[in-house]
1. In degrees from 0 to 90, rounded to the nearest 10, what is the angle of the helix 144-160 Cα long axis to the longest principal axis of the chain?
2. Using the 2.2 N^0.38 Å rule of thumb for compact globular proteins, work out how the stretch 336-423 stacks up: its C-alpha Rg over that value, please.
3. Which ³J(HN,Hα) values in Hz, rounded to whole numbers, follow from the phi angles of the stretch 205-217 under the Karplus curve 6.51 cos²θ - 1.76 cosθ + 1.60, where θ = phi - 60° and Gly and Pro get x?
4. Please list, in order along the stretch 364-376, the HN-Hα scalar couplings obtained from phi with the Karplus expression 6.51 cos²θ - 1.76 cosθ + 1.60 (θ = phi - 60°), rounded to whole Hz, x for Gly and Pro.
5. If one computes the Cα centroid of the stretch 133-161 and of the stretch 52-72, what distance in Å separates the two points?
6. In whole Hz and in residue order, list the ³J(HN,Hα) couplings for the stretch 271-282 that follow from phi through the Karplus curve 6.51 cos²θ - 1.76 cosθ + 1.60, θ = phi - 60°; x for Gly and Pro.
7. So how many Å³ per residue does the convex hull of the Cα atoms of the stretch 1-118 work out to?
8. Calculate the all-directions average of the projected area of the stretch 294-374's alpha-carbon convex hull, and give it in nm².
Amino acid sequence: MGKYDRAPYTHDLYPGANDWHEDSVRANVLEEIFRNLCRIYGYGEVRTPVFEETELFTRTIGEGTDIVSKEMYTFTDRGGRSMTLRPEGTAPTIRAYLDSTLPSRGGVAKMFYIASIFRYERGQKGRYRQHQQFGVEALGADDPALDAEVVQIALSFFRTIGMRNLTLKLNSVGSTESRAAYLAALKAYVEPFLSEFSDEGKARFERNPLRMLDTKSERELKILANAPHLSEYLSPEEKEHFEAVCGYLNAASVEYVLDPYLVRGFDYYTKTAFEIQSPDLGAQNAVGGGGRYNKLVEEIGGKPTPGIGFGLGTERALLALQALGVEMPLPPGPTAFFVTLGDAGRTAAVKLLSDLRNAGVAADIDYTGRTMKTQMRAATLVNAQYALILGDDEVASQTVQVKDLAAREQRAVAFSDLVAELSSSAPGTP
């Protein structure tokens with residue numbers, strides 16, 4: 001153990017970790033799958049600073065949310081400005097969108113991001129104060145078909161990585177106007193039972209009644225079971241939009257569950273809201289979700305621009321995969337691993353190692369001066385395709401003993417032929 005411990009409720013990623021959510025190799029595989037999927041759907045990557053002006057989040061997420069009131073990492077910089085490490089990815093993406101030339105191009109701006117998110121949360125399995133998130137944002141259209149597309153990207157990601165036991169929860173949270181009428185009815189219903197609510201529930205009743213629907217308390221859920229539904233207060237246009245979203249999902253054979261109490265954690269959502277859950281994660285079973293936010297761009301200072309997006313947690317996805325016992329497609333090991341004996345063999349190996357790498361062949365060598373047996377074991381551990389054995393005899397004959405570690409076959413290859421020989425058998429070589 002070193003002198004310093006990592007910060008509470010954070011985690012390190014490194015190659016080959018036993019816990020998948022700490023394995024950088026598996027995390028990179030998920031990132032590449034997500035990038036490729038976004039390209040298929042026509043989304044381009046956006047990268048934003050890790051911190052933004054605090055007001056960007058207080059205005060957009062909502063003063064009454066747990067994120068703003070309890071979870072943000074906020075500090076004053078040397079210029080006296082209040083800054084916050086990003087607690088979510090949507091507001092920074094929209095800020096970047098407005099700072100760019102994208103709004104002037106017309107059409108729909110389709111963007112994705114892979115970013116670290118920071119929240120001062122209570123430590124739980126799969127929840128960390130810094131976690132990695134994948135997200136997409138589509139700005140410029142209120143088309144319900146776009147809602148269905150965004151939902152399908154999220155589901156396609158999970159199916160691509162091997163997750164099958166998923167539940168898609170779907171709801172419409174309406175607009176500011178329809179929610180105002182609903183909240184009045186919700187408060188009127190809850191008020192006679194308020195004494196039975198926790199202190200947190202009572203605080204939400206006063207501060208942000210919609211958040212009461214997020215409760216995990218069995219007693220509160222039982223009371224809320226007979227509460228009015230937001231769907232009863234939607235405008236005709238909002239109902240039509242939601243029905244169209246459901247229709248497009250039906251057409252794509254996407255199964256979903258209508259959840260009248262699904263509201264998500266941000267005040268900026270309008271119309272469609274969705275969440276993807278995995279029962280294999282226990283009580284904290286949400287692996288991702290999102291929704292439409294037609295007023296958010298305007299709130300940040302842009303022209304009225306409808307949008308929709310989602311966020312998915314990398315760590316929670318990896319935890320779910322490990323719980324399911326899903327075999328992930330891991331990248332191959334190096335094509336070649338040099339096993340050297342003597343100074344002459346090592347010198348020759350360094351030259352050949354450089355030649356192979358310059359030709360695009362993944363190759364490695366042992367740097368610890370271990371025995372031949374230990375070096376061979378190291379080649380197996382890194383999943384190398386070939387062990388390249390070089391000693392005094394091989395240097396004298398200008399050949400390398402190339403051992404296929406899977407087939408357990410060995411042959412001599414001339415120094416001059418090694419690059420061509422291994423280039424043809426390297427992974428990804430046509």
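Just so you know, all these numbers are worked out from the coordinates, no wet-lab data involved. As the structure is a computational prediction, the values presented were derived from the model and not from experiment. No Cβ is skipped: glycine too gets one built from the backbone with ideal geometry, and neighbour counts run over all protein chains shown.
1. Approximately 40 degrees, to the nearest 10.
2. Computed over Cα atoms of the stretch 336-423, the ratio equals 0.96.
3. 4, 7, 8, 7, x, 4, 5, 4, 6, 7, 4, 9, 6
4. Values, residue by residue: 9, 8, 7, 10, 9, x, 7, 5, 4, 4, 5, 5, 5 Hz.
5. That distance is 24 Å.
6. Each residue's phi maps through the Karplus curve to give 6, 5, 10, 8, 8, 10, 10, 10, x, 6, 9, x Hz.
7. Looking at the stretch 1-118, the number lands at 157 Å³ per residue.
8. Numbers: hull surface 46.8 nm².
Computed as one quarter of the Cα hull surface, the answer is 11.7 nm².
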